[in-house]
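No value in this document is a laboratory result; all are computed from the given coordinates. Keep in mind that what you see is a predicted model, and the values were worked out from it rather than measured.
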Amino acid sequence: MVSQIRESADPATAPTDWAIAAQELRKSYRAGQREVEILHGVSLGVRAGELVAVMGPSGSGKSTLMYCLAGLEAPTSGRVLLAGQQLERLSRADLARMRRSQVGFVFQSYNLIPTLTAAENVALPHLLAGNRPPAELIAQTLETVGLADRADARPPSLSGGEQQRVALARVLAQQPAVLFADEPTGALDTRTGELVLAELARIAHSPGRCALVVTHDPKVAAACDRILFLRDGSLVQELRGASVEVVASTLAGLGAPREA
Ligand SMILES: Nc1ncnc2c1ncn2[C@@H]1O[C@H](COP(=O)(O)OP(=O)(O)OP(=O)(O)O)[C@@H](O)[C@H]1O
Ligand SMILES: [Mg+2]
């Protein structure tokens with residue numbers, strides 16, 4: 001199954017409706033004198049209209065993979081096709097422009113600007129793209145995530161869950177073609193989590209868009225169209241239409257030592 005993903009994910013031959021295609025992604029970091037490889041040749045494809053989950057144990061490389069796919073980190077080797085562009089061929093300026101106009105990213109650590117209000121943080125992608133922030137959409141998005149009454153609050157005075165909701169409102173108001181969300185519901189209560197997931201699905205399922213969501217929650221993953229499982233920096237399994245129980249047991253199975 002994984003070899004099928006690998007074969008079809010070659011950016012050079014990927015079907016044109018693929019919003020994300022990665023081939024043989026490797027990523028290493030320097031640790032003192034040593035190079036430590038975190039991603040060991042990951043290949044995958046996400047079609048327009050798809051909501052895809054990425055699961056795996058802590059430290060398996062999920063965030064690193066998202067950064068490489070979103071053009072936030074350069075892979076050590078391998079290729080990424082994102083929204084019709086091969087990232088390694090873009091200049092820094094073109095990459096930055098493409099990210100601003102096409103890509104939304106909800107960081108695991110939220111990445112809010114502490115000196116800006118919630119509403120200003122949500123408006124930021126529009127400002128960075130040189131556009132006038134759509135005030136009504138911003139207010140509406142803050143309402144969707146239950147923060148209408150905290151629009152003027154600054155992140156240091158918000159709870160973890162509230163900060164996470166501002167980060168989500170920011171990407172929902174941006175309505176990017178390709179949306180990455182790294183553990184977007186981790187700090188949310190069940191009801192708010194469901195609401196946020198419904199919003200992510202609404203964006204992912206609209207024409208020409210897609211979303212890739214890292215989650216530890218089997219319920220969130222089971223609600224996605226497809227789930228990719230990472231272990232020790234390699235894609236090891238893919239599920240489609242699986243029940244919450246099957247997702248949970250598959251994830252638990254990944255914690256086991258790799259078979260010889
Ligand atoms: N900039 C870096 N320099 C060195 N090592 C790094 C760097 N970023 C990540 N790593 C290492 O790469 C591995 C994978 O990290 P990553 O953040 O991708 O994991 P993850 O699957 O997202 O984990 P979690 O579920 O805890 O968020 C970890 O061992 C981490 O320590
Ligand atoms: Mg992570």
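Once region 28-178 is represented by equal point scatterers at the alpha-carbon sites, with solvent omitted, what log10 I(q)/I(0) does the Debye formula produce at q = 0.08, 0.09, 0.14, 0.20 Å⁻¹?
Values, matching the q order: -0.27, -0.34, -0.80, -1.27.
Working from the pairwise distances between different alpha carbons, so that the mean of 1/r is found and then inverted, what is region 101-260's Kirkwood radius in Å?
Details: mean 1/r = 0.0604 Å⁻¹.
Result for region 101-260 stands at 16.6 Å.
Where does region 38-99 land on Rg(C-alpha)/(2.2 N^0.38 Å)? Show your work: numbers first, answer last.
Working: Rg = 12.2 Å, N = 62, 2.2 N^0.38 = 10.6 Å.
Computed over Cα atoms of region 38-99, the ratio equals 1.16.
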